[in-house]
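Trainee: Here's a structure for you.
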Amino acid sequence: QVQLVESGGGLVQAGGSLRLSCTASGRTFSNYAMGWFLQAPGKFREFVSAITRSGSSTYYAGSVKGRFNCTRDNAKNTVYLQMNNLKPEDTAVYYCAADAEKIARTPTWSSWGQGTQVTVSS
């Protein structure tokens, strides 16, 4: 399994921006597709974004398309989620995920980070 550590969460006002980072270790990073999910209190974990191994393709949930941008730096073993024009409804714990076999919009990925809290105030 690859180990994942997220960072970059915090408190921001509506309309602001944050950049989340997720650094991987333990396996060859470029062998893994990477994803981001969020989980709000009392709700299921939801798909946010994903990126292919090379970074050539990205996928987004409709609610974040045009506001969030997922990129990766395979030399740094890191995937990023740039979040712009944040809204209070974006408030959640954000999780990084990795999988060597698939990209899925369901939380069925093989490896997960511990999560980082994002809070957007109105």
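The values are calculated or read from the model by the stated rules, or taken from the named source; none is laboratory data. These numbers were taken from a predicted model, which means no experiment stands behind them. Quick reminder, even Gly has a Cβ in these numbers, built from the backbone with ideal geometry, and neighbours come from all protein chains shown. Note: accessible area is taken over every heavy atom of the protein model, side chains too, but ligands, DNA and RNA are not part of it. Shrake-Rupley method; radii C 1.70, N 1.55, O 1.52, S 1.80 Å.
Trainee: Determine the gain in length on full extension of the stretch R19-R105; use 0.36 nm per residue of separation and subtract their C-alpha separation, reporting nm with one decimal.
Mentor: Once the chain is fully extended between R19 and R105, it gains 28.8 nm.
Trainee: Pairing rule first: another cysteine's C-beta must sit under 4.7 Å. Under that rule, which cysteines of the chain stay single?
Mentor: C70
Trainee: May I ask you to list the trypsin sites (Lys or Arg not before Pro) in the stretch 32-89 that are in a DSSP loop and have at most 15 other Cβ atoms within 10 Å of their Cβ?
Mentor: Listed in order of number, the matching sites are K43, K65, R67, K76.
Trainee: Looking at the stretch 46-120, which GluC sites (Glu not before Pro) are DSSP coil and have at most 14 other C-beta atoms within 10 Å of their C-beta?
Mentor: Loop-located and lightly packed - E101.
Trainee: With an 8 Å cut-off on Cα pairs and a minimum separation of 6 or more residues, tell me the relative contact order of the chain in percent.
Mentor: After rounding, I find 37 percent.
Trainee: Let me see the P(r) profile for the chain: every Cα-Cα distance counted, bins of 5 Å, each bin given as a percent of all pairs.
Mentor: Pair shares across the bins are 2, 13, 24, 27, 19, 10, 4, 1, 0.
Trainee: Let me ask something else about it. Taking a probe of 1.4 Å, how large is the accessible area per residue of the chain, in Å²?
Mentor: 49 Å²
Trainee: Then there's this: Would you work out what percent of the accessible area of the chain, with all protein chains in place, is carbon or sulfur (probe 1.4 Å)?
Mentor: Carbon and sulfur together cover 48 percent of it.
Trainee: Turning to a different aspect of this structure: Let's test the formula: R0 of 25 Å, r as the Cβ-Cβ distance of N84 and V5. What FRET efficiency results, to the nearest 0.05?
Mentor: So the FRET efficiency works out to roughly 0.60.
Trainee: Let's see if you can work this out: charge +1 on each Lys and Arg Cβ, -1 on each Asp and Glu Cβ, no other charges. What is the dipole magnitude of the chain about its Cα centre, in debye to the nearest 20?
Mentor: It works out to roughly 160 debye.
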